[in-house]
């Protein structure tokens, strides 16, 4: 490992080096922390140990927290000056929608962490506030920035659907002193989307959708679809966060979903278990299947269910996101031939016996009944 770090330093001349661990290195007992510290002293740059062995947690999203813990511990520096117009946006990737939206209320987005430079990350403590696209992704870093450097976190449900977006922007306006500008933005955006939203609601009336996605983003997709008037017949959500790192109830996305839109039937916490998902899809037979994970999207197609993979989380964000999703669902419904062709030439990996069972047949709770 020492030789690898040295080779990376001399070959690439980086501003920082990150070392991520695996199950194998954890089992072997590599003293990564000591090696990283010695290399940091030798090369005079941050050499960052990220403790992310897979067996450390049953929840895959713990990897986000491990990465952000390393960044806040070794990269971020105390603020030299506060930038009152800069907002940290913790996201995965996706289209840039915030330059326009924030620009209309006198703010500037600072996207982190994908594609950020070390210099940019060092200065995120100078921002006026932090928002995240998905609480599952971002609350650890946002809570750390608030705790360590006083950068306030916007603690509301994600900015998806009408009520979630209203609350999100109003809280951002309150923190940054932009309440008047935010109210003008909300008014103009709602007036802009309303005619198209009503058209979409009429066309989508009676349509039934099944969703599979991560926890908070899956809830966010349901906000959008319920605002579009679509019936959600079920969901397979990859895990459940009983609380977020900021320990603030206002940001609980599942509570917001149930309190605002009502209960969701056939709601299943399912860590990408394909056998449960295909069983549910086969039993419920939705008109559309919305998937956040590529490996799960194929099962809808194999059953002949019009399916789309949502890989751009900012596609559905804000008021425009309602129109984006509504038109996408319509596109999928109106072009079913490709999916039908796949289903006609597919042999399922699961037998009729399994497809006729209940999806939770193999769960531990049923073994004791």
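The values are calculated or read from the model by the stated rules, or taken from the named source; none is laboratory data. All values derive from a computational prediction rather than experimental measurement. Reconstructed Cβ throughout: ideal geometry from the backbone, glycine too, with neighbour counts over all protein chains shown.
If you go through the stretch 339-356 one residue at a time, do you hit one that is under 30 Å from residue 153 (Cα atoms) and either touching a helix residue (DSSP H, G or I) at 6+ places or on another chain (Cβ under 7 Å) or in a loop (DSSP other than H, G, I, E, B) (or both)?
Scanning the stretch 339-356 turns up no residue that is under 30 Å from residue 153 (Cα atoms) and either touching a helix residue (DSSP H, G or I) at 6+ places or on another chain (Cβ under 7 Å) or in a loop (DSSP other than H, G, I, E, B) (or both).
Which is at pLDDT below 95 and either under 28 Å from residue 73 (Cα atoms) or out of contact with any helix residue (DSSP H, G or I) (no Cβ under 8 Å at 6 or more places or on another chain) (or both), of 176, 156?
Of 176, 156, the one residue that is at pLDDT below 95 and either under 28 Å from residue 73 (Cα atoms) or out of contact with any helix residue (DSSP H, G or I) (no Cβ under 8 Å at 6 or more places or on another chain) (or both) is 156.
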Next on the checklist: So residue 337 passes all but one of these: (1) at pLDDT 95 or above; (2) surrounded by fewer than 12 Cβ atoms within 10 Å (Cβ to Cβ). Which condition number does it fail?
Outcome noted: (1)
Item to check | Residue count for the stretch 224-257, restricted to those that are free of Cβ contacts under 8 Å to residues at least 40 places away in the same chain, over 18 Å from the mean Cα position of the chain (by Cα) and either part of a helix (DSSP H, G or I) or outside the structural domain of residue 313 (by TED's automatic domain parsing) (or both) | outcome: 1
Next on the checklist: Among the numbered criteria (1) over 26 Å from residue 143 (Cβ atoms); (2) exposed (fewer than 13 other Cβ atoms within 10 Å of the Cβ); (3) in contact with a helix residue (DSSP H, G or I) (Cβ under 9 Å, 6 or more places away or on another chain), which one does residue 55 miss?
Outcome noted: (1)
Item to check | Hits in the stretch 5-31 (condition: in a helix (DSSP H, G or I) and modelled with pLDDT under 95) | outcome: 23, 24, 25, 26, 27, 28
Checklist outcome for this item: Looking across the stretch 98-117 at residues that are part of a loop (DSSP other than H, G, I, E, B) and touching a strand residue (DSSP E or B) at 6+ places or on another chain (Cβ under 9 Å), the single one that is surrounded by the most Cβ atoms within 10 Å (Cβ to Cβ) is 107
Item to check | the stretch 303-328, residues that are crowded, with 19+ Cβ neighbours inside 10 Å and more than 20 Å from the chain's Cα centre (by Cα) | outcome: 303, 305, 306
Next on the checklist: For the stretch 39-68, give me the residue count where each residue is in a loop (DSSP other than H, G, I, E, B), in contact (Cβ under 8 Å) with a residue 60 or more places away in the chain and touching a strand residue (DSSP E or B) at 6+ places or on another chain (Cβ under 9 Å).
Outcome noted: 1
Item to check | Meets criteria (assigned by TED's automatic domain parsing to the domain that holds residue 307 and either at pLDDT 95 or above or not in a helix (DSSP H, G or I) (or both)) for residue 211 | outcome: yes
